[in-house]
Structures are given as C-alpha cells and as structure tokens.
Amino acid sequence: MKILIHQTKALATDCAASLIAARLNRQPDTVLGLATGGTMEMVYANLIARHRAGEVSFAQATSFNLDEYVGLPETHPCSYWHYMREKLFDHVDIDPGRAFLPHGDAPDAEAEAERYEAAIARAGDIGLQLLGLGLNGHIGFNEPTSSLSSLTRIKTLTRSTREANARYFDDPQDVPRLAITMGIGTILRAQEVVLLAYGAEKADVVARMIEGPVAAACPASALQMHRKVTVVLDEAAAGALELRDYYEQVHPRVGETSS
Ligand code: GLP
C-alpha cells in the first residue's frame with residue numbers, strides 16, 4: 001500500500017483527483033469504479049473544475065458505481081443515481097449510456113446484483129477503483145463479516161451505517177435496510193485502487209485497515225491483499241497510524257505539495 005498523508009483535505013482531494021485525471025489522460029477508455037459519500041463530493045467537484053479547465057475528459061470512459069440502496073428508484077433524491085448525476089455526471093462529458101449503477105428498484109434485486117457483476121466482468125473489470133471508508137471499515141456497502149471474496153450481492157446495512165447515512169434522508173427511518181453492493185472480490189479484481197479517508201473520526205478504522213490483521217471484521221483490510229492501492233489521507237485521519245513516520249519517510253513532503 002502506498003500511504004499518502006496530506007496536511008489538509010483540500011490537498012488530499014487534489015491528489016486523488018490528479019491520480020484519476022492522470023489515469024484518464026493515459027488511458028481515456030478506463031473503466032472507473034466510482035463511490036458516493038461526503039468525501040467523494042470534494043473529489044468530484046475537483047474533477048469538474050479540471051474538466052472545465054480542459055485538463056480531463058470522461059468522453060471515452062465507462063463507469064460502474066459501487067452500490068445503490070435497494071428500493072430507491074433512480075429519481076429518488078437519496079438514490080446514488082441521483083447523487084452521481086448531481087455531483088458528477090451532469091457536469092462532465094461522460095456518456096450517460098456508459099455510466100452505470102445498480103438499479104435499486106429492480107423487481108428482483110438478487111438478479112440485478114448478478115446482472116451488475118456480469119456487466120463489470122464483461123467490461124473487463126474495473127481499471128481504477130475509487131473508494132471511501134465507512135466508520136466500521138466497510139468499502140462499498142460490504143459490512144463487517146462480508147466474505148473477502150464476495151461478488152456483487154445484497155447486503156443488510158448495519159445500524160452504524162444507517163445512522164451515518166441518515167443525514168441525507170428527511171427521516172432516519174427512511175434509510176433503506178438493504179443495498180446492492182459490489183463485493184470485496186469484485187473490488188479486488190480492479191487494476192488499481194485509490195481510497196480516501198478524512199477526519200479524526202476515521203483515524204482508528206484507517207489504522208485497522210492499514211496496520212491491522214486482514215479480517216472480515218474490517219472489510220477494508222482486504223486491500224492489504226491488493227497489488228496496487230493508494231490510500232490518500234488528511235492529517236487527522238492518519239492520527240492513529242503506528243508507522244506514520246515510515247510512510248512519511250517513503251513519501252516525504254507529500255503534505256506540502258499536491259502530488
Ligand atoms: C457510504 C458509501 C461508501 C462510502 C461511505 C463513507 O456508506 N456506501 O461507499 O465509502 O459512505 O462516506 P463518507 O465519505 O461520507 O464518510
């Protein structure tokens with residue numbers, strides 16, 4: 001794992017966006033794996049600015065989002081379809097016909113999960129996978145005890161995850177109990193992974209992910225098995241890392257520059 005610790009969220013965000021832009025510039029038809037959540041909003045705003053400045057194009061890219069709530073139609077304001085259109089797709093030149101999320105309102109959610117997994121495989125799997133990190137160590141909606149070789153399927157959300165996502169809903173009771181999520185095995189097939197985590201509240205789980213044992217109790221720890229993972233942190237999220245000096249020795253001055 002490459003651990004990049006930046007002084008601020010803004011610098012960390014710029015670093016992550018530059019990794020994505022560089023990949024698209026190198027390989028315009030990259031298959032992107034996209035994520036949702038508060039952390040990603042900053043990354044997408046940065047990518048939109050780069051697109052407007054003519055620095056990056058999504059025109060030949062394909063994208064697959066990690067997950068979607070079961071039961072929410074694309075038009076629901078809390079659906080991830082809606083989030084992605086609002087935060088990214090409507091503001092860049094991605095082809096809407098090649099920007100995919102699972103359909104949360106599919107009549108048969110299990111069949112939809114299988115179809116989605118097959119579509120990812122047919123596209124040649126993910127080239128660059130962007131990930132956030134749940135407070136309980138989840139990636140996508142792979143909650144603790146998820147199989148580390150799982151494929152896209154239905155997961156029941158934990159209370160902690162429903163509480164963390166309640167801020168997007170009018171009533172906390174409205175947060176769906178189930179989601180369709182890429183599996184950990186699906187994510188591990190990606191050519192490269194860029195994971196972002198910010199803030200002191202993520203410090204403990206960041207340390208478990210990077211320095212703890214590989215364990216289903218912390219699904220993100222499965223990334224230790226992946227060949228090419230970059231973890232982009234702000235200072236606060238790096239606060240509980242025991243080997244922080246080492247990471248900063250390997251990637252010095254990363255906090256002072258944006259690359
Ligand atoms: C949700 C998403 C995850 C995301 C997580 C963290 O649970 N399904 O993919 O990583 O939120 O979100 P935030 O960036 O808001 O902390």
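The values are calculated or read from the model by the stated rules, or taken from the named source; none is laboratory data. None of the values given here were measured: they were computed from a predicted structure. Don't worry about glycine lacking a Cβ; one is built from the backbone with ideal geometry, like all the others, and counts go over all protein chains shown.
See the values below:
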read-out: Hey, Arg189 modelled with pLDDT under 95 and more than 13 Å from Gly137 (Cβ to Cβ) or not; value: no
read-out: Residue ID - nearest to the ligand (Cβ to nearest atom), chosen from residues in region 211-228 that are among the aliphatic types (A, V, I, L, M) and under 16 Å from the mean Cα position of the chain (by Cα); value: Ala220
read-out: Any hit, region 170-181, residues being in contact with a Cys (Cβ under 8 Å, 6 or more places away or on another chain) and modelled with pLDDT under 95; value: yes
read-out: Single residue of region 121-135 satisfying the filter (among the aliphatic types (A, V, I, L, M) and within 16 Å of the ligand (Cβ to nearest atom)) that is nearest to Met209 (Cα to Cα); value: Leu133
read-out: Boolean, Ala215 is of a type in the set (A, V, I, L, M, F, W, C), free of Cβ contacts under 8 Å to residues at least 40 places away in the same chain and more than 21 Å from Phe141 (Cα to Cα); value: no
read-out: Set Ile3, Ile48, Ile20: member being within 18 Å of the chain's Cα centre (by Cα), of a type in the set (A, V, I, L, M, F, W, C) and outside any helix (DSSP H, G or I); value: Ile3
read-out: Residue that is farthest from Ser147 (Cα to Cα) [pool: residues in region 191-204 that are more than 10 Å from the ligand (Cβ to nearest atom) and surrounded by fewer than 24 Cβ atoms within 10 Å (Cβ to Cβ)]; value: Ala200
read-out: Residue that is surrounded by the most Cβ atoms within 10 Å (Cβ to Cβ), among those in region 87-105 that are farther than 18 Å from Thr75 by Cα and aliphatic (A, V, I, L, M); value: Ile94
read-out: Glu55 being at pLDDT 95 or above and part of a helix (DSSP H, G or I); value: no
read-out: Members of region 154-190 that are closer than 25 Å to Arg208 by Cα and among the charged types (D, E, K, R); value: Lys155, Arg159, Arg162, Glu163, Arg189
read-out: Considering residues of region 5-24 that are without any contact (Cβ under 8 Å) to a residue 40 or more places away in the chain and under 21 Å from Phe100 (Cα atoms) only, the residue nearest to the ligand (Cβ to nearest atom); value: Ala17
read-out: Selected residue (criterion: surrounded by the most Cβ atoms within 10 Å (Cβ to Cβ)) from residues of region 106-129 that are within 19 Å of Lys155 (Cβ to Cβ) and of a type in the set (A, V, I, L, M, F, W, C); value: Ile126
read-out: Residue match in region 162-182 (condition: out of contact with any helix residue (DSSP H, G or I) (no Cβ under 7 Å at 6 or more places or on another chain), within 12 Å of the ligand (Cβ to nearest atom), within 28 Å of Gly127 (Cβ to Cβ) and assigned to a strand (DSSP E or B)); value: yes
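Residue-by-condition table, conditions (1) in a helix (DSSP H, G or I); (2) surrounded by fewer than 21 Cβ atoms within 10 Å (Cβ to Cβ):
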site: Thr145; (1), (2): no, yes
site: Ala237; (1), (2): yes, no
site: Asp245; (1), (2): yes, yes
site: Pro252; (1), (2): no, yes
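Each row is one residue, and each column tells you yes or no for (1) β-branched (Val, Ile, Thr); (2) more than 12 Å from the ligand (Cβ to nearest atom); (3) within 20 Å of the chain's Cα centre (by Cα); (4) not in a helix (DSSP H, G or I).
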{"site": "Gln60", "(1), (2), (3), (4)": "no, yes, no, yes"}
{"site": "Ser63", "(1), (2), (3), (4)": "no, yes, yes, yes"}
{"site": "Gly71", "(1), (2), (3), (4)": "no, yes, no, yes"}
{"site": "His76", "(1), (2), (3), (4)": "no, yes, no, yes"}
{"site": "Tyr83", "(1), (2), (3), (4)": "no, no, yes, no"}
{"site": "Glu86", "(1), (2), (3), (4)": "no, yes, yes, no"}
{"site": "Asp90", "(1), (2), (3), (4)": "no, yes, yes, no"}
{"site": "Asp93", "(1), (2), (3), (4)": "no, yes, no, yes"}
